[in-house]
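Working notes, structure below.
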Amino acid sequence: MRRDTGAAALLGPLLAGSAQPHQVRRAAQGLGLPERGRYAVVVLGAPVAVPEADGDADGDGDGVRWCWCGEAGVVLLGPGGLAGPVARLGVAGAGPGGVSPVVGGLAELGLARRLAGAALLACGPGAREIVALDERLPTALVASAPELSARLVAEVFGPLLVLAPAERALLVGTLEAWLECGGSVGRAAVRLRCHRNTVFNRLRRLERLTSRSLSHPRELVETVLALDALRLSAARG
């Protein structure tokens, strides 16, 4: 894997989504890549020296090809899919990073670049993780609309925000544990090391404060999205 100024010049218009058909053809010829193929884009949140793979500097021995333009990497996938290339980035110490879904050709790299950027926004605070968009779609959706996210937090969790920080953290932490335990009060109680009635009472209090029922599907979705928005706002200070 390498960063090359010539490759960056060819990839720039494609990643920006502004390439004309002749620029797509020129990039394919200049980079030795097929116009049609299984491509993905990775966007890193910070510069990192990505080491070259063994053998060919542009490949990793299993049909994968990389080209870089700044912090955006274009990968032509081999038969193994995205898992291998993403794992290699993690081993190289890259991250945080966002990975787009697979697209069908060089002409679609602009869309892939935007989706990878959305995945990057969904990375956890301070994390060095590499996140695939399809694994964090709800969080990416919330992160991509900060004004709406702020409004959602105010509407759903407004009454919690005026509580003492320790009290607010207790209720939010209980909600998080309950969600991570698949909605099981008993399992959440084990994780939180408290009685299941304590978990139940905290959740009921949270429902009263938010005026949302955790047993109502639409209101639960709204609460979960607001929780993602609250986490993101806390991470950004």
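General observations
- The set of residues in the stretch 179-226 that are among the hydroxyl-bearing types (S, T, Y) and in a helix (DSSP H, G or I) comprises T198, T210, T223.
- Of all the listed residues (A94, A112), the sole one being within 19 Å of W68 (Cβ to Cβ), modelled with pLDDT of 90 or more and aliphatic (A, V, I, L, M) is A112.
- Restricting A229, A234 to residues that are open to solvent by less than 30 Å² (accessible area, probe 1.4 Å) and part of a helix (DSSP H, G or I) narrows the list to A229.
- Residue within the stretch 204-226 that is under 26 Å from the mean Cα position of the chain (by Cα), on the phi > 0 side of the Ramachandran plot and modelled with pLDDT of 95 or more present: no
- Those strands (runs of 3 or more DSSP E) lying entirely in the stretch 68-156 with at least 2 residues under 23 Å from L225 (Cβ atoms): 97-99, 130-132
- Residues of the stretch 169-183 satisfying the condition of being under 14 Å from L220 (Cβ atoms) and either open to solvent by 40 Å² or more (accessible area, probe 1.4 Å) or among the aromatic types (F, W, Y) (or both): E176, W178, L179, G182
- Which numbered condition V199 misses (of (1) at pLDDT 95 or above; (2) within 25 Å of R114 (Cβ to Cβ); (3) crowded, with 20+ Cβ neighbours inside 10 Å): (2)
- Subset of the stretch 107-142 [surrounded by fewer than 22 Cβ atoms within 10 Å (Cβ to Cβ), small (G, A, S) and farther than 25 Å from A8 by Cα]: G124, G126, A127
- When V99 is tested against (1) without any contact (Cβ under 8 Å) to a residue 60 or more places away in the chain; (2) surrounded by fewer than 17 Cβ atoms within 10 Å (Cβ to Cβ), only condition (2) is not met.
The values are calculated or read from the model by the stated rules, or taken from the named source; none is laboratory data. This one's a predicted model, so the numbers in the text were calculated from it and none came from an experiment. No Cβ is skipped: glycine too gets one built from the backbone with ideal geometry, and neighbour counts run over all protein chains shown. When the accessible area is computed, the model is the full protein with side chains, heavy atoms only, and any ligands, DNA or RNA have been set aside. Shrake-Rupley method; radii C 1.70, N 1.55, O 1.52, S 1.80 Å.
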